[in-house]
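The values are calculated or read from the model by the stated rules, or taken from the named source; none is laboratory data. This one's a predicted model, so the numbers in the text were calculated from it and none came from an experiment. Cβ placement follows ideal geometry from the backbone for every residue including glycine, while neighbour counts extend to all protein chains displayed. All accessible areas refer to the heavy atoms of the entire protein, side chains included, with ligands and DNA or RNA removed. Shrake-Rupley method; radii C 1.70, N 1.55, O 1.52, S 1.80 Å.
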Amino acid sequence: MWGTIMMDVIKRPLLTEKSSAYNDYDTYVFEVTKSATKTQVRKAVEQAFDVKVTDVRTLIYRTRWLKRYA
């Protein structure tokens, strides 16, 4: 049961320059589903990577569309 929930919550890790800088502070960045709660994210990461999660921060941002030749 938890295996399917874990895969439904965590989509992928975000590998950007900014998220790579957070690795020095033992902070990791994942893309998760929009409907996931902090508790679900915590449990999914703890189960997937066998670690103790101390803090979960979430951010929802809207993507911007580029206008070309407007």
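For first residues located in the range 56-70 and of a type in the set (A, V, I, L, M), partners that are surrounded by 10 or more Cβ atoms within 10 Å (Cβ to Cβ) and lie 6+ apart or on another chain with Cβ distances below 6 Å form the pairs Val56/Lys38; Val56/Val41; Val56/Arg42. When the range 23-46 is filtered for residues that are part of a helix (DSSP H, G or I) and open to solvent by 90 Å² or more (accessible area, probe 1.4 Å), the ones remaining, listed by number, are Asp24, Tyr25, Lys38, Lys43.
Looking at Tyr69, is it of a type outside the set (Gly, Ala, Ser) and touching a strand residue (DSSP E or B) at 6+ places or on another chain (Cβ under 8 Å)?
Working: of a type outside the set (Gly, Ala, Ser): yes; touching a strand residue (DSSP E or B) at 6+ places or on another chain (Cβ under 8 Å): no.
Against the criterion (of a type outside the set (Gly, Ala, Ser) and touching a strand residue (DSSP E or B) at 6+ places or on another chain (Cβ under 8 Å)), Tyr69 does not qualify.
Residue count for the range 4-22 under the criterion of being open to solvent by less than 90 Å² (accessible area, probe 1.4 Å) and in contact (Cβ under 8 Å) with a residue 12 or more places away in the chain: the result is 7.
Across the range 47-70, the qualifying residues are those that are under 14 Å from Glu31 (Cα atoms), of a type in the set (A, V, I, L, M, F, W, C) and open to solvent by 90 Å² or more (accessible area, probe 1.4 Å), and the one among them that is modelled with the lowest pLDDT is Ile60.
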